[in-house]
Amino acid sequence: MMKSILTAALVIGCLSASAQGRDVVVTDTPEMLEKAKARTAMVDDAVGLSAEQQGQVLEVYMEVERYHNALMQRFDGQPKEDMEADMKTQYENMDRQVEQGLVRILRPEQYDKWMQGASE
């Protein structure tokens, strides 16, 4: 369910970017995968993920990387001020995507532990 929501958000973002005259093509890169793996490892170190959870958390972070990549393409060539003004909201959206994914994937005690570590 969450994957569908994230994919829909990405598609909407891509469509709105295309509507602005920019073609956005997101292709997974080794850098995106490394970032997603590093974030997954952070969650694993904090709460102890099962193998299945590791794959699911990795996919959540890959969706965020894809969304971020699409945004960067959309903003390419635009004034830095315009990008910075919009990115605050976009980073909040990405944080929300991660939180929603973790709520869905983690057991309640794992999520509580993750949130406790995040507030420290």
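Quick check: net charge around residue 95, other residues with Cβ under 14 Å of its Cβ, Lys/Arg +1 and Asp/Glu -1?
Here the charged neighbours net out to -1.
Report the FRET efficiency, 1/(1 + (r/R0)^6), for residue 104 and residue 34, where r is their Cβ-Cβ distance and R0 is 22 Å, rounded to 0.05.
Efficiency for this residue pair is about 0.40.
Using a 7 Å offset from the Cα along the Cα-to-Cβ direction at both residue 80 and residue 111, what is the distance between the two label points in nm, to one decimal?
The answer from the label model is 4.0 nm.
Whole Å is fine, so just give me how far the alpha carbon centre of segment 34-54 lies from that of segment 73-87.
Between the Cα centres of segment 34-54 and segment 73-87 lies a distance of 31 Å.
Can you work out the FRET efficiency for the pair residue 92 and residue 52, with r the C-beta to C-beta distance and R0 = 30 Å, to the nearest 0.05?
0.55
All of the numbers you see were taken from the coordinates with simple rules; none came from a lab. Note that the coordinates shown come from a computational prediction; the quantities given were computed from them, not determined experimentally. FYI the Cβ positions are ideal-geometry reconstructions off the backbone, even for glycines, and counts take in every protein chain you see.
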